[in-house]
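Taken together, the values in this text are just the output of simple stated rules run on the coordinates, not laboratory data. Because the structure is a prediction, the values reported are computed rather than measured. Virtual Cβ from ideal backbone geometry, glycine too; neighbours counted across all protein chains shown.
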Amino acid sequence: MAMENELKGTPRGTVRSAELCTPLVGVQVLRQNSNGEIYEETRSNERGEWQLKNCEQSDRVSFVLEGFVTQTYVCPHLPEIVRLLENKLIGYQKRLWFIPGESVEAYVHSPVKFSARLFRHGLVKKVILDLGTFDPQIQSVPDGYFVETGLDWKPNFAYTIPTGVQPGIHSLLLEGSGQEPFAIPMVVSTPKEQYGQDSRLLVLASTNTWQSYNVWGGRSRYRNYENGKSQDFRDLTSPTRKIKMQIAKVLSSNLKARIRHILRYWLKTESFCYRKLSILRPFSHCDLEGDEVMQPFTNHLAGGEWRLLAWLEREKIDYDIISGAELHQGPEILKHYKAIILSTHCEYWTRKMYEGLKYYHETNKLWILNISGNAIYREISFDEDGSTQCVSLSFAYSCADETQILGVRFTEDDLGTCAPYKILQADHWAFDTIPLDKDKSTFGVFSLNQNTAKKDKHYDPGRPGDVDGLRGMGASGWETDKLCKTGPKDMKVIAKGLNEKGGADMVVRDPCGSRGGMFSASSITFSGCLLIDSVASMLVKNVIYKALGIEERN
């Protein structure tokens, strides 16, 4: 909003950061004439507020703060909210998914010369393209609030993904002297003409969830710094939250969903949850900067999915992969596959995605392997450019009861805790050929996805929202799902998390007629245990072989 109406009096406004929209303290506000002579100088206060005594036509007003890109305006065109871009290496691309042979433009801000390399994240992180070194590029951000519209940066360079590259999780790694490395995450998807040709197993990358958690610009589905009230962490120990959790225990899932639906319209402070999230922003917390797949980490986004794909490759299990947007655009993709893996944290779905999954599961013998926690829990919609918008905080209320096919649903009972699984049905076929210790009925004692040190004090949407991070250790953790009464009665709980309040319910449903089978690990940290836990590894391998009709199990 321009402040032309203020120019006859005392121009004023606020100045905020680009990344989180937080108030910036101590910003120099300089009023100069066309010759650069300073007429007036002030600084922003602890709330980011600034005020000038006067501003004549054609005066230039600059906002200067070390570590940020200076913004300069000509009176009377002074915005009410000035946004300053952090002067550090960062970038984005126009989508989260591309196919081999596709040309991609990179949009980068960098105060120094920087290099760019395209990596594939498999069992070994490999360089696919070395794109060379590029000159510094200073970009700008819109003033006010821009999460709905996104950025409009100038492209720095373009590159072509090699036609022979193996699909999977990839990243464009940006590096510059004195700068933190920045990895732009993406999925290189299986092209249409190759669906089901090399593998009948499809991995659905949880790109919808990546986007819902992306807070760059000041707002995600979970945090809204635009109103100046969001905290970096939600306090799970507050009396108010404890009361809410106690009340939630005695309410049915449908009743809780109805209450949330009503509150959506009553509590205006929550309306930000349903606003558009542009894809044209940096994805800053996907944890793909590291090199070692066996390194402990804390991430439920692309970093978590990397470990699942690495495990598939170690076990020599071929797979195809697509993004959430691609399943939304063409649910008929599923007709080419015998099984689909929902990866790590597959929470956000559209109605088309779900209806396609349900149809091919029930009529085309498609197996569902839910290697995820908190799956199919919220409903979103897609814009044509790939941006998303939350439709409902309860998929069961607004669209369909996901427990009808998954059997399980996320609960907050064990939120942020981790523990091993206890085997409940050792004679189930899923444990066939696994050498179980008769004196030890647990597995998944460790997961690579665990509580690790934070890089900085700022909110990291790739980590738990609790200030203490993850508590405990194990493959049943972070967010876990439990068997629901509304689910099919032939679901078998073969193992259960030992978290204090029940943990994840690991369930299996055998196929019947035209309906495929279903397996759910029901935990976010489970995919992080597959590389280091032999029982979990052999268990999931047994399920995949069963789903694909492979008899020999090594």
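From Cα pairs below 8 angstrom and at least 6 apart in sequence, can you work out the relative contact order of the chain, rounded to a whole percent?
Relative CO of the chain lands at 13 percent.
How long is the gain from Lys352 to Glu66 if the chain were fully straight, where each residue apart is worth 0.36 nm and the alpha carbon distance is subtracted?
98.2 nm
Nearest 10 degrees is fine. How inclined is helix 253-266 to the longest principal axis of the chain, computing both from alpha carbons?
Between the helix axis and the principal axis of the chain, the angle is about 10 degrees.
Past 19 Å, Cα to Cα, is the threshold; run Lys88/Lys455; Lys316/Lys358; Lys358/Lys501; Lys455/Lys501 against it and keep the listed order.
Lys316/Lys358; Lys358/Lys501; Lys455/Lys501
Please tell me the relative contact order of region 4-84 in percent, rounded to the nearest whole number, where contacts are Cα pairs under 8 Å and at least six residues apart.
35
Where a ≥ b ≥ c are the square roots of the eigenvalues of the C-alpha gyration tensor, would you call region 339-423 rounded, which needs a/c under 1.5, or, failing that, prolate if a/b is larger than b/c, or oblate?
Since a/c reaches 1.5 but b/c is at least a/b, the shape of region 339-423 is classed as oblate.
To check my understanding: the extent here is largest minus smallest coordinate of the Cα atoms along each principal axis. What are those three numbers for region 90-188, in Å, largest first?
42, 31, 21
Over the residues of region 493-537, compute the C-alpha Rg and express it relative to 2.2 N^0.38 Å.
Relative to the 2.2 N^0.38 Å estimate, region 493-537 comes out at 1.34.
Check Leu280: other-chain or 5+ apart residues with amide H under 5 Å from its amide H, H built from backbone geometry?
When sequence neighbours closer than 5 places are left aside, the close amide H contacts are Leu151.
What's the longest piece of the chain with no exposed GluC sites (Glu not before Pro), counting a site as exposed if DSSP puts it in a loop and it has at most 10 other beta carbons within 10 Å?
Segment 67-291 is the longest.
Find the percent of Cα-Cα distances in region 320-385 that exceed 13 Å, and round it to a whole number.
Percent of Cα pairs beyond 13 Å in region 320-385: 62.
Would you order Arg275, Arg47 from fewest to most other beta-carbon atoms within 10 Å of each residue's own beta-carbon?
Going from sparsest to densest Cβ surroundings: Arg47, Arg275.
Give me the Debye-computed log₁₀ of I(q)/I(0) at q = 0.17, 0.20, 0.26 Å⁻¹ for region 4-84, equal point scatterers on Cα only, no solvent, two decimals.
For region 4-84 at q = 0.17, 0.20, 0.26 Å⁻¹, log10 I(q)/I(0) is -0.58, -0.81, -1.33.
Can you spot the aspartates and glutamates whose alpha carbon is less than 19 Å from Lys352's alpha carbon? Ignore those fewer than 8 places along the same chain.
Glu326, Glu332, Glu362, Glu379, Asp383, Glu384, Asp385, Asp401, Glu402
Using only helices, what value at 222 nm comes out for the chain when you add -39,500 (n - 2.57) per DSSP H run of length 4 or more and divide by the total residues, to the nearest 500 deg cm²/dmol?
Theoretical 222 nm ellipticity from helices: -4500 deg cm²/dmol.
Output the Kirkwood hydrodynamic radius of region 361-505, Cα pairs only, in Å rounded to one decimal.
Hydrodynamic radius (Kirkwood, Cα pairs) of region 361-505 is 17.3 Å.
What residue among Met186, Ile169, Pro111 has its Cα farthest toward the positive end of the dipole of region 90-188, where the charges are +1 on Lys, Arg and -1 on Asp, Glu, each on the Cβ?
Ile169
Would you please name the trypsin sites (Lys or Arg not before Pro) within region 460-540 that are DSSP coil residues with at most 10 other C-beta atoms within 10 Å of their C-beta?
Those satisfying the criteria are Lys485, Lys489.
I'd like the chymotrypsin sites (Phe, Trp or Tyr not before Pro) in region 40-112 restricted to DSSP loop residues with at most 15 other Cβ atoms within 10 Å, sorted by number.
none
Could you work out how far helix 239-249 tilts from the main Cα principal axis of the chain, as a 0 to 90 degree angle to the nearest 10?
Here the helix axis deviates by roughly 30 degrees.
Using every Cα-Cα pair within region 467-526, state what percent have a distance larger than 18 Å.
Of all Cα-Cα distances in region 467-526, 39 percent exceed 18 Å.
Projecting each Cα onto the charge dipole of region 65-171 (Lys/Arg +1, Asp/Glu -1 at the beta carbon, about the Cα centre), which of Trp153, Val124, Phe68 comes out farthest on the positive side?
Val124
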